[in-house]
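Take a look at the structure set out below.
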Amino acid sequence: MAERTQTIGERIQFKRSPDELQVVITQQIPRHKEAIFFAWIVALFCALFAFIYLWLTSPSESDQRIFFAVGSAFVTFFVVRYGKVFLWRRMGKEMIRIREEELTIRNAIGSSGRPQVFQTDNIRKFGVIPYDFTKFGQFMDRAFWEMGGETLGFEHFKSKIRFGKQLEEKEAKQLARVIEKALVEIPKRTRAKKKKAEA
C-alpha cells in the first residue's frame, strides 16, 4: 500500500503506510481570533512597560515601588505565558508517529519540541476523552488562548498521556479509529518481519 496523505477536518493530516503512521495536527486559529489575541499580547506588553517605568521612577523603598515591582513580575508571567501560546497558534503542531513498536508524540513550535516515546505494548485504555462543557475547567481548556483541551488519551504504566488539542468530537473519533488500527497492525507487522528475519 503506497503512502498517501489524507485529511480529517481542516487541521489533521496523516500518512499511512504498512510500516508507519504519521499524523500532524496544526494549531492555527481563524484570522479574526488571531487578531484579537495579538491585540491582547500588545496590551500586555504596554502594561508591562508602564509597570517597569513606574517601578524604576518611584522613590526607593516606597510602597509604590514595591507595588509596581510586584505588578511587573505579575504581568511578565502573563506576557511569557500568552506569548508562548501565540507562537503555538502561529507555528505549532502536534506530531504523532507510530513506527515499529513505538508511538511518538511531539508538540513542536517550528523545529523545536522534545518527542515523548511510548512502547505500544504498554499502551492501555486508548480512546476519546469525554468532554463536559458544563465543567468550567474543561471549557476554559478549549479556549483559543490556551494550549490545553486534549481530546485523545491513553495510559502508559501509571501515567495518563493526552494529546489531540481542541479537536471537534467527530474529528477526535475519526482520528482515534486511525490510530487504534495502526497500534494493532504496525507492531504486529514489525514482529512478523523480525520472526521471518530470524528464521
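The values are calculated or read from the model by the stated rules, or taken from the named source; none is laboratory data. The structure presented is a predicted model; accordingly, all values stated were derived computationally and were not measured. In this analysis, Cβ positions are derived from the backbone assuming ideal geometry, glycine residues included, and neighbour counts consider all displayed protein chains.
Just name the residue that is farthest from the chain's Cα centre (by Cα) out of those in the stretch 122-145 that are of a type outside the set (S, T, N, Q), surrounded by 10 or more Cβ atoms within 10 Å (Cβ to Cβ) and closer than 25 Å to Ile186 by Cα. Give the steps one after another, and end with the answer.
Residues of the stretch 122-145 that are of a type outside the set (S, T, N, Q), as a first pass: 123-133, 135-137, 139-145.
Filter again for surrounded by 10 or more Cβ atoms within 10 Å (Cβ to Cβ), leaving 123, 126-129, 131, 135, 139-145.
Pick out the ones that are also closer than 25 Å to Ile186 by Cα and you get 123, 126-129.
Details: Ile123: 19, Phe126: 17, Gly127: 17, Val128: 15, Ile129: 15 Å.
It comes out as Ile123.
A Cβ distance below 8 Å, combined with a sequence gap of six or more or placement on separate chains, defines the contacts here; from the stretch 49-60, residues that are assigned to a helix (DSSP H, G or I) reach residues that are basic (Lys, Arg) and surrounded by 12 or more Cβ atoms within 10 Å (Cβ to Cβ) in the pairs Trp55/Arg65. Looking at Thr57, Thr76 in this structure, which one is among the polar types (S, T, N, Q) and surrounded by 12 or more Cβ atoms within 10 Å (Cβ to Cβ)? Exactly one of Thr57, Thr76 is among the polar types (S, T, N, Q) and surrounded by 12 or more Cβ atoms within 10 Å (Cβ to Cβ), namely Thr76.
Every residue, every condition in (1) outside any strand (DSSP E or B); (2) touching a strand residue (DSSP E or B) at 6+ places or on another chain (Cβ under 7 Å), yes or no:
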residue	(1), (2)
Arg97	no, yes
Val117	no, yes
Arg124	no, yes
Gly137	yes, no
Ala143	yes, no
Gly164	no, yes
Lys173	yes, yes
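Of the residues making up the stretch 92-106, those that are of a type outside the set (Val, Ile, Thr) and in contact (Cβ under 8 Å) with a residue 40 or more places away in the chain are Gly92, Lys93, Glu94, Met95, Arg97, Arg99, Glu100, Glu101, Leu103.
How many residues does the stretch 146-160 hold that are surrounded by 13 or more Cβ atoms within 10 Å (Cβ to Cβ), part of a strand (DSSP E or B) and either more than 10 Å from the chain's Cα centre (by Cα) or not charged (D, E, K, R) (or both)? Explain how you work it out, then say what you get.
Here is the first cut: in the stretch 146-160, the residues surrounded by 13 or more Cβ atoms within 10 Å (Cβ to Cβ) are 146-156.
Within this subset, residues satisfying the condition of being part of a strand (DSSP E or B) are 150-156.
Of the ones still in play, those that are also either more than 10 Å from the chain's Cα centre (by Cα) or not charged (D, E, K, R) (or both) are 151-156.
Of the residues in the stretch 146-160, 6 are surrounded by 13 or more Cβ atoms within 10 Å (Cβ to Cβ), part of a strand (DSSP E or B) and either more than 10 Å from the chain's Cα centre (by Cα) or not charged (D, E, K, R) (or both).
Checking each residue in the stretch 78-132 for being among the hydroxyl-bearing types (Ser, Thr, Tyr), at pLDDT below 95 and within 19 Å of Ile12 (Cα to Cα) picks out only Ser111.
Mind telling me which of the residues Gly137, Gly148, Gly113 ends up being at positive phi, of a type outside the set (Lys, Arg) and without any contact (Cβ under 8 Å) to a residue 24 or more places away in the chain? Step by step, each of Gly137, Gly148, Gly113 is checked, and only Gly113 is at positive phi, of a type outside the set (Lys, Arg) and without any contact (Cβ under 8 Å) to a residue 24 or more places away in the chain.
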